[in-house]
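Right, one structure below, let's go through it.
A short reminder: the numbers here are calculations on the coordinates, not readings from a lab. None of these values were measured; they are calculated from a predicted model. All Cβ positions, glycine included, derive from the backbone under ideal geometry; neighbour counts span all protein chains shown.
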Amino acid sequence: MSRNTDNQKPPQKRLFVALMGVTCILVVGLIYLGWYIPTKGLANIHPDLPRWAGMIFGILSGIALFGTLLLVLTTALGKDILFTKFMRGVVIKFLLPLIEQIGRLCGISKDTIRQSFVAMNNSLVISQRLKIKPDRILILLPHCLQLSDCEIKVTGDINKCVGCGRCTIMGLAEIGRKYHIDISVATGGTLARKVIIEKRPKLVLAVACERDLTSGIKDCYPLPVIGVLNDRPYGPCYNTLVDVTKIEEALLSVLA
């Protein structure tokens with residue numbers, strides 16, 4: 001069963017971009033305060049120290065502004081302009097925690113920010129125009145996509161699916177066979193990391209909730225990860241769904 005999710009509003013990367021701009025302004029403001037406050041004390045040590053400190057802080061501000069502009073342009077144009085892989089790391093390791101805190105102060109939920117972050121991350125990965133052979137791509141699925149009352153457990157091998165069509169596993173197994181892609185079903189983050197270490201893919205296409213996708217993208221960096229959010233009509237981790245066409249579209253964008 002492949003549920004139609006076209007009526008759902010897709011994650012918007014614009015929110016993350018906007019919060020990233022606010023974060024940049026705050027960082028530049030802190031840099032300015034870091035220069036302005038001790039200026040008089042520096043002048044007492046040496047008259048040129050305020051000027052030198054101003055140059056250093058000016059360079060740091062310029063880097064922050066340039067990096068933000070670069071990320072916005074890369075996302076808007078969908079092209080790898082400069083340092084995209086490095087900038088993705090800055091977003092994952094540095095900006096995301098700050099943006100989550102700023103979002104909390106603005107009353108924006110973590111899940112909403114994480115949805116936007118996943119969309120932003122996907123945009124940066126796709127902008128690299130990667131073309132990867134099928135045997136170096138791994139599709140990683142959560143076990144909750146399978147119906148809880150199904151007697152045939154596909155955690156070890158998705159091809160055990162008998163194709164009854166009651167859940168999305170059937171469509172995903174068909175994609176694996178059609179494109180000769182390795183698909184693994186994981187019962188948790190620990191097993192997912194173990195699978196990635198063993199299979200050593202060049203790209204992971206992962207399905208999960210906002211929290212698990214965000215955590216997985218962080219853990220896998222610098223390995224590129226494209227995330228697809230699942231649908232949870234019965235609550236978290238129970239009989240979840242995913243739009244199979246989104247998996248195929250994402251796969252075709254990177255398949256050599």
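Here are labelled values, [x] 1.21; [y] 0.95; [z] 1.01, and one is the computed Cα Rg over 2.2 N^0.38 Å for what I pasted. Which one? Given [x] 1.21; [y] 0.95; [z] 1.01, the calculated one carries the label [x]. Ordered by the number of other Cβ atoms lying within 10 Å of each residue's own Cβ, fewest first, Glu210, Glu174, Glu151, Glu198 fall into the sequence Glu151, Glu198, Glu174, Glu210. Placing +1 on each Lys and Arg Cβ and -1 on each Asp and Glu Cβ, with no other charges, gives the range 134-254 a dipole about its Cα centre of roughly 300 debye. Short-range pairs are left out: with C-alpha atoms under 8 Å and at least six residues apart, the relative contact order of the range 13-127 is 41 percent. Across the cross-link table entries Lys85/Lys133; Lys93/Lys133; Lys153/Lys199; Lys79/Lys246; Lys110/Lys153, which are compared at the Cα atoms, the separations over 24 Å belong to Lys93/Lys133; Lys110/Lys153. Using just its DSSP H runs of length 4 or more, each adding -39500 (n - 2.57), the chain gives a mean residue ellipticity at 222 nm of -17500 deg cm²/dmol after division by all residues. Ordering His143, His180 by the number of other Cβ atoms within 10 Å of each residue's own Cβ, fewest first, gives His180, His143. Taking the DSSP beta bridges with both ends in the chain, the antiparallel portion is around 5 percent. Extension gain, Met55-Ser148: 0.36 nm per intervening residue step, less the Cα-Cα distance, totals 27.4 nm. Springs between Cα atoms under 10 Å define the GNM used for the chain, and in it the highest mean-square fluctuation of Ile158, Ile31, Ile181 occurs at Ile31. Residues Arg136, Arg177, ranked from the fewest to the most other C-beta atoms within 10 Å, line up as Arg177, Arg136.
Separation of the range 181-210 and the range 47-109 by C-alpha centroid, Å? The range 181-210 and the range 47-109 have Cα centres spaced 30 Å from each other. The string of couplings for the range 251-256 from the Karplus curve (6.51, -1.76, 1.60, θ = phi - 60°) is 5, 5, 6, 10, 6, 7 Hz, one whole number per residue in order, with x for Gly and Pro.
Rounded to the nearest 20 debye, the dipole magnitude of the range 13-127 is 200 debye, with +1 charges on Lys and Arg beta carbons, -1 on Asp and Glu beta carbons, and the Cα centre as origin. Taking Cβ atoms as reference points and 11 Å as the exclusive limit, the residues near Lys202 contribute a net charge of +4, counting Lys and Arg as +1 and Asp and Glu as -1. If R0 is taken as 25 Å, the Cβ-Cβ distance between Asp157 and Asp111 corresponds to a FRET efficiency of 0.20. Using the Cα centre of the chain as origin and beta-carbon charges of +1 (Lys, Arg) and -1 (Asp, Glu), tell me which of Leu26, Ile226, Leu205 is placed farthest towards the positive end of the dipole. The residue sitting farthest along the positive end of the dipole is Leu26. Here the chain is treated with +1 on each Lys and Arg Cβ and -1 on each Asp and Glu Cβ, and its dipole about the Cα centre works out to around 440 debye. Across the chain, the relative contact order, built from alpha-carbon pairs under 8 Å that are at least six residues apart, equals 23 percent. Any chance you could run the full-extension gain for Leu69 through Lys246? It's 0.36 nm times the residue separation minus the Cα-Cα distance, nm to one decimal. Separation in residues times 0.36 nm, less the Cα-Cα distance, equals 60.8 nm. Does the range 13-127 classify as rounded, prolate or oblate by the C-alpha gyration tensor (a ≥ b ≥ c root eigenvalues; a/c under 1.5 gives rounded; else a/b over b/c gives prolate, otherwise oblate)? Oblate is the answer for the range 13-127, as a/c is 1.5 or above yet b/c matches or exceeds a/b.
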